[in-house]
Amino acid sequence: MSNDTIRLEEQLAHQEKTVQDLSDVVADQARRIQRLERQLLILMEREAEREFEAGGQVPLADQKPPHW
């Protein structure tokens, strides 16, 4: 094989490794985002319950602004 072919194959191998590494990072971030979204939803539900219990009204986050 020529040196150019060997060099191109080496570059391709490095790029494939980089693409796989980046794919792993994206998949990990997607899992982390899903977990954070679930945690945020739980916290929002808890806060809404706390607001309702404290004031006996619809939680502030669920109320329409006064100009509506």
Exercise. What is the gain in length, in nm to one decimal, between Val26 and Met1 on full extension, counting 0.36 nm per residue of separation less the C-alpha to C-alpha distance?
Worked result: 5.4 nm
Exercise. What full-extension length gain, to one decimal in nm, is calculated for Glu9 and Glu51 as 0.36 nm per residue of separation minus the Cα-Cα distance?
Worked result: 8.9 nm
Exercise. How large is the dipole of the stretch 1-54 about the Cα centre if only Lys and Arg carry +1 and Asp and Glu carry -1, each at its Cβ, rounded to the nearest 20 debye?
Worked result: 80
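The numbers here are math on the coordinates, done by the rules we state, and not lab data. Since the structure is predicted, the reported quantities are computational estimates derived from the model, not experimental observations. Every residue, glycine as well, gets a Cβ built from its backbone with ideal geometry; the counts of neighbours run over all protein chains shown.
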